[in-house]
1. Exactly one condition in (1) in contact with a helix residue (DSSP H, G or I) (Cβ under 6 Å, 6 or more places away or on another chain); (2) outside any loop (DSSP other than H, G, I, E, B); (3) within 16 Å of the ligand (Cβ to nearest atom) is not met by Tyr163; state its number.
2. Among Gly402, Gly345, Gly373, Gly407, which is the only one that is modelled with pLDDT of 95 or more, out of contact with any helix residue (DSSP H, G or I) (no Cβ under 8 Å at 6 or more places or on another chain), farther than 30 Å from Ser81 by Cβ and in a loop (DSSP other than H, G, I, E, B)?
3. Looking at this structure, is Val200 within 22 Å of the chain's Cα centre (by Cα), closer than 23 Å to His27 by Cβ, among the β-branched types (Val, Ile, Thr) and not in a loop (DSSP other than H, G, I, E, B)?
4. Going residue by residue through the stretch 7-23, is there one that turns out to be at pLDDT 95 or above, buried (at least 22 other Cβ atoms within 10 Å of the Cβ) and within 19 Å of Met143 (Cα to Cα)?
5. In the stretch 93-107, how many residues are more than 16 Å from the ligand (Cβ to nearest atom) and either of a type in the set (A, V, I, L, M, F, W, C) or modelled with pLDDT of 95 or more (or both)?
6. As an exercise: evaluate Phe103 against (1) more than 20 Å from the chain's Cα centre (by Cα); (2) closer than 30 Å to Ile362 by Cβ and give the number of the one condition it does not meet.
7. It is to be established whether one or more residues within the stretch 180-200 are in contact (Cβ under 8 Å) with a residue 60 or more places away in the chain and within 15 Å of the ligand (Cβ to nearest atom).
8. Grab the strands (runs of 3 or more DSSP E) fully contained in the stretch 7-99, keeping just those with 2 or more residues being within 30 Å of Leu119 (Cβ to Cβ) and free of Cβ contacts under 8 Å to residues at least 12 places away in the same chain.
Amino acid sequence: MIESTTATYDVGGVLLERPFKIRRLGHYGLNAMRMEECLRFYTEDLGFRISDRLDFGARAERKEDIAGFGDAGGYFMRHGSDHHSFVLFNKRVREHLDKLRRFAPGVTMNQISWQVGSLEEVVRGGEWQASQGMEIQRSGRDMPGSNWHTYFYDPDGHTNELYYGMEQIGWDGKSKPFSMHDRGFHQKPQLPQIPEDEEVRSSAQRGDDLVSGSALRDALSGAEYDVEGIMLPRPFKIIKCGPISLFVRDLDAATRFYTHQLGLRVSEETVWRGHRCVFLRANTEHHTIVLCPIELRETLGLRDDSSTLAAGFQVGSYRQLREAREFFKSRGAKFVELPSELHPGIDYAFHVLDPDGQAVQIYFSMEQIGWDGQTRPAAQRPDVRADAWPAALAEQPDVYGGESLLGPLG
Ligand SMILES: [Fe+2]
């Protein structure tokens with residue numbers, strides 16, 4: 001890898017160290033073993049809605065090779081208007097089929113996908129990654145989802161994606177019609193491209209059925225919980241995906257990738273049982289990615305075949321978090337205790353295992369970091385006891401700060 005460059009790049013009229021600027025973690029995905037059970041967990045329990053299903057089974061040369069692996073579909077799911085904020089793929093099917101990409105042993109994170117501000121940033125960013133010695137997995141534009149992207153790997157083999165232009169799903173829940181998938185690209189696009197508005201106009205002109213896309217509603221229909229004024233099938237609403245906590249083999253190499261290659265900033269480091277953990281942010285949230293040494297996996301008692309320490313999801317309020325904890329108890333979820341040193345900046349959180357035994361982190365508020373990069377002093381963070389959460393919290397200046405959900409709760 002080439003050492004730090006002094007070149008500056010004009011990103012929308014601002015000179016930056018890289019030809020792109022990550023704005024947010026837009027989506028991520030998991031490769032599942034117990035596909036049907038995980039699908040039920042992420043749709044029924046967590047409330048993700050399926051935007052589109054891709055039939056990866058159809059890509060197998062011999063059906064018997066993937067028989068017994070369960071549902072071979074790839075599920076694109078959303079919590080808001082982004083076509084997908086979470087994806088669930090069949091681990092064994094993907095590993096059998098994938099010629100273009102290699103999943104390193106233990107990698108269950110399908111992708112870590114970063115939103116940048118423009119198609120130019122995706123294309124120039126991909127060129128810059130290649131010039132830095134990064135192996136480019138693929139570039140182009142995927143359908144379904146319509147996002148332009150370039151994919152490459154972190155040092156542990158986790159696929160990272162820079163993307164722009166996620167398809168937006170509206171009130172009717174419809175994704176784009178299949179006929180519009182003709183605007184998919186399997187290579188780096190020439191710049192500039194026509195806007196989506198023109199794609200939709202020409203699709204209508206040629207007679208496409210614009211409302212023929214997939215539209216799946218909430219997997220649960222009984223709306224029995226009053227969530228701050230709206231009746232929902234569960235007592236909470238996911239408003240954001242992330243952070244992602246990873247186990248890595250070389251903490252310094254991984255930290256260098258996420259800082260130098262992606263431009264994330266280190267917010268804080270903690271030490272737990274003699275092991276250093278690094279917390280990095282993409283925007284104003286305290287952390288978007290957590291890097292912990294793989295040696296911690298056994299100490300924590302987490303599944304021994306996954307480099308994903310935890311997959312994080314934010315709910316809309318403290319009350320929702322408290323009620324979500326009761327909801328998961330009532331549905332028989334398995335809870336795990338993770339030390340607070342592994343989530344500084346998140347005061348209140350609980351962790352449950354998905355049907356694959358993958359730890360899932362649920363929280364409601366993340367400390368926000370301003371222009372000076374300072375985290376909240378430890379003395380000003382509450383001393384939280386997992387078994388004694390107060391009924392209500394005192395206000396903090398950054399509570400309910402950061403990214404907001406656009407649109408209705410359900
Ligand atoms: Fe993606």
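The values are calculated or read from the model by the stated rules, or taken from the named source; none is laboratory data. Just so you know, these numbers come straight off a predicted model, no measurement behind them. As a convention, Cβ positions derive from the backbone with ideal geometry for all residues, glycine included, and neighbour counts pool all protein chains shown.
1. Every listed condition holds for Tyr163 apart from (1).
2. When all the criteria are applied, what remains is Gly373.
3. Here the answer is no, as Val200 does not meet what is asked.
4. no
5. Matching residues across the stretch 93-107 total 3.
6. Among (1) more than 20 Å from the chain's Cα centre (by Cα); (2) closer than 30 Å to Ile362 by Cβ, Phe103 violates only (1).
7. no
8. Result: 14-16.
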